[in-house]
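Each value in this text was obtained by applying a stated rule to the coordinates, not by laboratory testing. Note that the coordinates shown come from a computational prediction; the quantities given were computed from them, not determined experimentally. Heads up, the Cβs are rebuilt from the backbone with ideal geometry, glycines too, and the neighbour counts pull from every protein chain shown.
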Amino acid sequence: MMPDKVTFEYAIIRFVPRVEREEFFNVGVILFSKRKKFLAVKFHVDHHKLKAFPDALDLETVNAYLQAWDSIAKGDSTSGKIGEFEMSDRFRWLAASRSTVIQSSKTHSGLTDNPEETLQCIFEQQVLHP
């Protein structure tokens, strides 16, 4: 018997060093599945790409911002009031449109029987090997 597929939503996390120029590169993925009670962020910043932008933040700062997003996704107590939101609301907050150096793409959807594997697959396709 094949496992049941459930819906999921995801957004690509982008690093936008100079917001006014709209240049970016992908640094992570946020994936949410309500039926599987799954919300996770996976990220990796390629320091070679980061150095290609002379005005960019340093790697430690970018990783700290992304770690904060990961804490929110997990609902950690260190993530403040946003971390106390329901899982779906935390996803919506993370995937909301913003004009900062860390942004997310539009939300996309699909079907999966294993959100963790799907997150890894999207991460590899969109961040590690775009």
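Counted by neighbouring Cβ atoms within 10 Å, the residues 88, 77 run from fewest to most as 77, 88. Taking a sphere under 13 Å around the Cβ of residue 64 and counting the other residues whose Cβ falls inside, with K and R at +1 and D and E at -1, yields a net charge of -3.
One decimal place: the segment residue 4-residue 19 gains 1.3 nm when fully extended, by the rule 0.36 nm per residue minus the C-alpha distance.
Relative contact order for the chain: what percent, with Cα pairs under 8 Å and sequence separation of 6 or more?
Numbers: 224 pairs, mean separation 45.2, N = 130.
Taking the mean separation of contacting Cα pairs over the length of the chain, I get 35 percent.
Is the shape of segment 14-54 best called rounded, prolate or oblate, per the rule: a/c under 1.5 gives rounded, else a/b larger than b/c gives prolate, else oblate, with a ≥ b ≥ c the square roots of the Cα gyration tensor eigenvalues? Taking the square roots of the gyration eigenvalues as a ≥ b ≥ c, segment 14-54 is oblate.
Summing -39500 (n - 2.57) over the DSSP H runs of n ≥ 4 in the chain and dividing by its residue number, what mean residue ellipticity at 222 nm do you reach, to the nearest 500 deg cm²/dmol?
On the way: 5 runs with 43 residues, N = 130.
Helix contribution divided over all residues of the chain: -9000 deg cm²/dmol.
Remark on residue 104: its backbone amide H falls under 5 Å from those of 14, 98, a criterion applied only to residues 5 or more positions apart or on other chains, H modelled at 1.01 Å from N.
Please list the helices of the chain that count as membrane-span-like by this rule: a mean Kyte-Doolittle hydropathy of at least -0.5 together with Cα atoms stretching 18 Å or more along the helix axis, each helix being a complete DSSP H run.
Details: long enough: 59-74 (22 Å, 0.01).
Flagged H segments are 59-74.
Going from the residue with the fewest nearby Cβ atoms within 10 Å to the one with the most, 93, 69 rank 93, 69. Tally Lys/Arg at +1 and Asp/Glu at -1 over every other residue whose Cβ is under 12 Å from the Cβ of residue 29; what's the total? In short, -2.
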